[in-house]
Amino acid sequence: MKSILAIVCLVVGIQMFSVAQETTKISVEGNSEIKILPDEALINVSLKEKALKTASATEGLNQKAAEVTKALEKSGVKNYELKADNYFVNINRVYTKGTSKDSGYVASQNLRILVKDTAQELVKIMQALHDTIDMGFQLSFQLSDSKRKEYQEELLRMALQDAKSKAMLIANTLELGDIAVHQVIYGSGGNSFQPKGYRNEAMMLSADNQRTAPTIQPDEQTLSDQVKVIFTFTKE
């Protein structure tokens with residue numbers, strides 16, 4: 001009886017091993033990419049004021065910030081956001097030939113102007129800044145959060161389809177049999193909806209420097225995503 005049971009267990013074990021041999025796993029990476037024009041413009045204005053007293057430095061900085069606000073009002077544009085950050089007042093330390101000397105204080109602040117229209121309204125704001133203030137700024141283009149979220153599902157769907165297409169090509173070419181999804185790995189592999197950084201354009205504006213209105217044409221930015229899918233191929 002024991003010998004019969006041992007034979008039965010041996011036969012079952014051989015059958016299970018045989019089935020396992022017919023199942024193949026393969027990991028496939030699916031990728032997706034969409035090129036899209038940015039829908040927002042970000043203008044960074046760096047303000048700085050030096051004075052012998054902190055109060056004077058702060059007052060001068062506030063005056064420059066007020067000039068920027070007036071320039072924005074002058075543009076007639078309503079669809080923008082103005083935020084101030086990185087406010088500092090430090091000692092103005094001057095280094096000369098290995099020695100240092102304190103010469104009053106320097107106050108600094110960064111103003112961020114987020115413009116929702118990258119066409120006419122952006123040109124109006126830049127022209128108003130050019131006509132009103134005498135300071136430099138940096139312009140960059142970006143995609144809004146709502147725009148990125150709008151394409152998230154489409155990017156993931158495209159990445160999954162890409163993975164499936166690759167797996168089916170492998171299965172058909174190598175005659176591996178029927179395809180089935182074993183595992184989907186997504187989210188921890190560095191998938192990103194952030195666009196490729198657009199070049200920054202640094203400009204120095206002066207109310208005394210008469211220039212024509214700038215012509216602005218943002219480049220396309222890229223949204224991408226990726227997903228890893230492990231498939232099994234089983235022959236009947």
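The values are calculated or read from the model by the stated rules, or taken from the named source; none is laboratory data. Quick caveat, the model's predicted, so the values are computed rather than measured. Virtual Cβ from ideal backbone geometry, glycine too; neighbours counted across all protein chains shown.
General remarks:
Per-residue answers, yes or no, for (1) touching a Phe, Trp or Tyr at 6+ places or on another chain (Cβ under 7 Å); (2) in a loop (DSSP other than H, G, I, E, B); (3) modelled with pLDDT under 95:
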| residue | (1), (2), (3) |
| --- | --- |
| 160 | no, no, no |
| 180 | yes, no, yes |
| 187 | no, yes, yes |
| 207 | no, yes, yes |
| 211 | no, yes, yes |
| 218 | yes, yes, yes |
| 233 | no, no, yes |
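- Criterion: among the small types (Gly, Ala, Ser) and surrounded by fewer than 14 Cβ atoms within 10 Å (Cβ to Cβ) - qualifying residue of 103, 75: 103
- Taken as a whole, the condition of being within 20 Å of residue 39 (Cβ to Cβ), surrounded by 12 or more Cβ atoms within 10 Å (Cβ to Cβ) and of a type in the set (Asp, Glu) applies to residue 121.
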